1. Inside the stretch 142-162, can you point out the residues that are surrounded by fewer than 21 Cβ atoms within 10 Å (Cβ to Cβ) and either without any contact (Cβ under 8 Å) to a residue 24 or more places away in the chain or among the β-branched types (V, I, T) (or both)?
2. I'd like to check which strands (runs of 3 or more DSSP E) are fully inside the stretch 187-259 and have at least 3 residues that are modelled with pLDDT of 85 or more and either in the same structural domain as G139 (by TED's automatic domain parsing) or within 28 Å of the chain's Cα centre (by Cα) (or both).
3. Does A26 satisfy being of a type in the set (G, A, S), in contact with a helix residue (DSSP H, G or I) (Cβ under 8 Å, 6 or more places away or on another chain) and under 20 Å from K91 (Cα atoms)?
4. Name the residue that is surrounded by the most Cβ atoms within 10 Å (Cβ to Cβ), counting only residues in the stretch 163-183 that are modelled with pLDDT of 80 or more and of a type in the set (S, T, Y).
5. Do you know which of the residues in the stretch 117-141 that are surrounded by fewer than 13 Cβ atoms within 10 Å (Cβ to Cβ) and in a loop (DSSP other than H, G, I, E, B) is modelled with the lowest pLDDT?
Amino acid sequence: MSNDPLQDPESEAIEQLERFGLSTYAARTFVALASLGSGTARDVSQVAEVPRTRVYGAVEELQDRGLVDTLQSSPKQFWAISSETAGRTLKREFEHRLDVLRTALTELEPTDRQSEQRGVWTVDGQPAVTERLLEFFDGAEERIVYLTAGDSLSAELVEGLQGAAARGVSLRLTGGSTAGQERLRSQFPDATVTEPTWGWSETRAGRLMIVDGRKVLVSIVGEGGDASETAIWSEGSSNSLVAVVKAIFDGVPESDSPE
């Protein structure tokens, strides 16, 4: 995510508030009040695309979420909480909903959930692929083989691999370039860092992972860049995809082990 200043902070704020479940009128009202500091329904209507008669309903919605206070004057004055307080309020609400969702989904899972998912499964989009990798890293017990065509790892993946290493899981990592390999050696001094044995970085290949010799993930990157990444994964020592990928890597010497 870019840290550059937003070109249109008003539109971005409205869009994000809507994603947190606010109606369009409520989002526009809050943004208007945030820019005004405080104001009446007429003030809001003049600076935002909200009919004056709809401002009161929008304010009521915002009050229910703890985002706006009202001064009982004539006419009524409305005051938006600060951006820091709004962020904390929405974060708490989001985390609560996430906890409720996680609990509900856990209770819905079958008691005899399979330890292995047979077949070959597809994952679309870079965020989803990264989440699947983190899940597999978290479940690793003995060894992780990870190859990336890129020159760096996201902070999430670095943390996931370091967490696995702290549990005693051995790491074998491969970067797409010399610079990428040096960066891996710096981030994971106890890992085995190797050079790719073929032109991995010259293809549309994205990432390859093997966990404990029984779980494999391979991704490719579309013409749209990393965001269009698609991966397939499978598990089970007798699975064909696992067997083929594992055989390829088992035949490659680990000559670049750290001294």
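1. A155, V158, E159
2. Answer list for the stretch 187-259: 205-211, 215-222, 225-235.
3. When the stated conditions are applied, A26 passes them.
4. It comes out as T174.
5. R118
The values are calculated or read from the model by the stated rules, or taken from the named source; none is laboratory data. This structure is a prediction, so every number in the text was calculated from the model and none was measured. Cβ: placed from backbone, ideal geometry, glycine included. Neighbour counts: every protein chain shown.
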